[in-house]
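Heads up, the thing below is written out as structure tokens.
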Amino acid sequence: MPGFEIFGEEEKKQILDVLDTGVLFRYEFGDQRNGVYKVKEFEEKYASYTGAGYAQAVTSGSTALKVALTALGVGPGDEVITQGFTFVATWEAILEVGAVPVFTEIDTTLNMDPADLRKKITDKTACIIPVHMLGSAARIEEIVQIANEANIPVLEDTAQAAGGHINGKYLGTFGHCGAFSFDSVKTMTTGEGGMIITDDESLWRRMSEYHDHGHDHAVNPGGRGGEGRSFIGFNYRMMELQGAIGLAQLAKLDSMIVAQKKNKNRLKESISAIGGVSFREQIDPAGDTATFLSFSFDDVDQRKKVGGILQENGAAAICWAENTWHFYKKWEHLLGAATQTSSGWPFVGPGGKKRIIYDTQALPVSAELLDRTLCYPISIRMSEAKLEEMEAAVGKAAA
Ligand SMILES: *Cc1c(COP(=O)(O)O)cnc(C)c1O
């Protein structure tokens, strides 16, 4: 799973380059920094790795989503459609910009169901955020086509899918932009950090300026103090140490995925011996990042039975339907409109009017599918002993 498993000399060397200059800020300090611009270099290498025209580094995957939504002009009065199976950050970012999240069902890809997306588009829909959950692609080409017909921008939540692709085209380059996370449990990590990629130069420029208090990055007369502003921004700047770590991790990304694929394929083979099992649908298996292995059964009873045997034998699997961070039905703070504001914002608008009400029963297809699905996180390093223990547990479930 995460890049922290292989943190090593390469990361240390990159960090030392920064410490040698003493410059932790991504801008300015030209005399002191000896030409070391790690965040800038990380952006350039990330853009070229994914084949995108531009990349903007930020402080996290959550702020990557927020910066992208802001630069796309999404705000109060708007609806943003995402899927009901994702990490809470996806819709927190929507609420952060003052818009309201609308949720679609997932299908056998465990990602956004395009048919349900069609049904949920309204004249208020300002953006669509498909999520490539668990490192594997959504039906992104269909989703982008539906969005194009309705003239709505697509922001891909690629937080969990760094390095993933479909027929060689990288996830995050199908929509208007793609938002990545480099938090501590993501495929590649900078501890905290994020990146947005896009081919649209003016969108990138708005993101770049917004994330830096609105500083005009087009015209720099010398010092930052002399830069103008065309709109109000905020601070989501990545620091040089994160950029340095990102460079070392990006160089290892392909090899991490190769190692995960090997472990995933081995487990998949043993799990396929369990009667009635089926695997998550992959749009392009070659482009899977192999961070997770998801497998489903005909009904919830069999899932519980198999899950119980795996757990008793030291190889417990995750059931996302029961996880409080990733599935709609379990987001009690969303469903309960829990906010810290006395006005009730963002769930309650000016004048005390409720803007939207969420209902636990709203996504029955997703609930049913996740209820009969189990999942193993896949690590880069899985010892022979660990794999054999898991295979033995699976063997008992198959018997
Ligand atoms: C991790 C994650 C995020 C947020 O990233 P952070 O860097 O932790 O803020 C957003 N969306 C998804 C799907 C994620 O898994």
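State which residue pairs qualify: first residue without any contact (Cβ under 8 Å) to a residue 24 or more places away in the chain and inside region 314-341, second residue among the hydrophobic types (A, V, I, L, M, F, W, C) and assigned to a helix (DSSP H, G or I) in any location, beta carbons under 7 Å apart, and separation of 6 or more residues or different chains.
Note: pairs meeting the criteria are A316/L310.
Which numbered condition trips up A68, out of (1) within 14 Å of T198 (Cβ to Cβ); (2) over 15 Å from the mean Cα position of the chain (by Cα)?
(2)
With the condition kept exactly as written, say whether any residue in region 42-56 is closer than 18 Å to L155 by Cα, out of contact with any Pro (no Cβ under 6 Å at 6 or more places or on another chain) and of a type in the set (V, I, T).
Yes, because at least one residue in region 42-56 is closer than 18 Å to L155 by Cα, out of contact with any Pro (no Cβ under 6 Å at 6 or more places or on another chain) and of a type in the set (V, I, T).
Answer yes or no as to whether A137 is surrounded by 24 or more Cβ atoms within 10 Å (Cβ to Cβ) and either small (G, A, S) or touching a His at 6+ places or on another chain (Cβ under 7 Å) (or both). Give the steps one after another, and end with the answer.
Working: surrounded by 24 or more Cβ atoms within 10 Å (Cβ to Cβ): yes; either small (G, A, S) or touching a His at 6+ places or on another chain (Cβ under 7 Å) (or both): yes.
Answer is yes for this residue.
Condition first: over 11 Å from F180 (Cβ atoms) and either at pLDDT below 95 or not polar (S, T, N, Q) (or both). Now tell me which residues in region 56-76 satisfy that. Full working, then the answer.
First pass over region 56-76, keeping only residues over 11 Å from F180 (Cβ atoms): 59, 62-63, 66-67, 69-76.
Correct list: K66, V67, L69, A71, L72, G73, V74, G75, P76.
Between T59, T122, which is away from the ligand (no atom under 12 Å from the Cβ) and open to solvent by 40 Å² or more (accessible area, probe 1.4 Å)?
T122
The rows are residues; the columns are (1) more than 30 Å from T50 (Cα to Cα); (2) modelled with pLDDT of 95 or more; (3) open to solvent by less than 10 Å² (accessible area, probe 1.4 Å); (4) among the small types (G, A, S).
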{"residue": "Q282", "(1), (2), (3), (4)": "no, yes, no, no"}
{"residue": "G307", "(1), (2), (3), (4)": "yes, yes, no, yes"}
{"residue": "L310", "(1), (2), (3), (4)": "yes, yes, yes, no"}
{"residue": "A316", "(1), (2), (3), (4)": "yes, yes, no, yes"}
{"residue": "T324", "(1), (2), (3), (4)": "yes, no, no, no"}
{"residue": "Y328", "(1), (2), (3), (4)": "yes, yes, yes, no"}
{"residue": "Q340", "(1), (2), (3), (4)": "yes, no, no, no"}
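Does region 230-242 contain any residue that is assigned to a helix (DSSP H, G or I), open to solvent by less than 20 Å² (accessible area, probe 1.4 Å) and modelled with pLDDT of 95 or more? Walk me through it before giving the result.
At the first step, the residues of region 230-242 found to be assigned to a helix (DSSP H, G or I) are 240-242.
Retained after the next criterion (residues that are open to solvent by less than 20 Å² (accessible area, probe 1.4 Å)): 240.
Okay, now just the ones that are also modelled with pLDDT of 95 or more, so 240.
The answer is yes; a qualifying residue exists.
What are the residues in region 182-209 that are away from the ligand (no atom under 12 Å from the Cβ), surrounded by fewer than 24 Cβ atoms within 10 Å (Cβ to Cβ) and not in a helix (DSSP H, G or I), if any?
Answer for region 182-209, where residues must be away from the ligand (no atom under 12 Å from the Cβ), surrounded by fewer than 24 Cβ atoms within 10 Å (Cβ to Cβ) and not in a helix (DSSP H, G or I): D199, D200.
Out of the residues in region 65-102 meeting the condition of being within 13 Å of the ligand (Cβ to nearest atom) and small (G, A, S), tell me which one is nearest to P350 (Cα to Cα).
A93
Does region 155-178 include one or more residues that are open to solvent by 10 Å² or more (accessible area, probe 1.4 Å), in a loop (DSSP other than H, G, I, E, B) and farther than 18 Å from D288 by Cβ?
Yes, region 155-178 has at least one match.
All but one of (1) in contact with a strand residue (DSSP E or B) (Cβ under 7 Å, 6 or more places away or on another chain); (2) aromatic (F, W, Y); (3) open to solvent by 20 Å² or more (accessible area, probe 1.4 Å) hold for W91; state the number of the condition that does not hold.
(3)
The values are calculated or read from the model by the stated rules, or taken from the named source; none is laboratory data. The shown structure was predicted, so the numbers you read here are calculated from the model rather than taken from an experiment. All Cβ positions, glycine included, derive from the backbone under ideal geometry; neighbour counts span all protein chains shown. Accessible surface areas use protein heavy atoms only, side chains included; no ligands, DNA or RNA. Shrake-Rupley method; radii C 1.70, N 1.55, O 1.52, S 1.80 Å.
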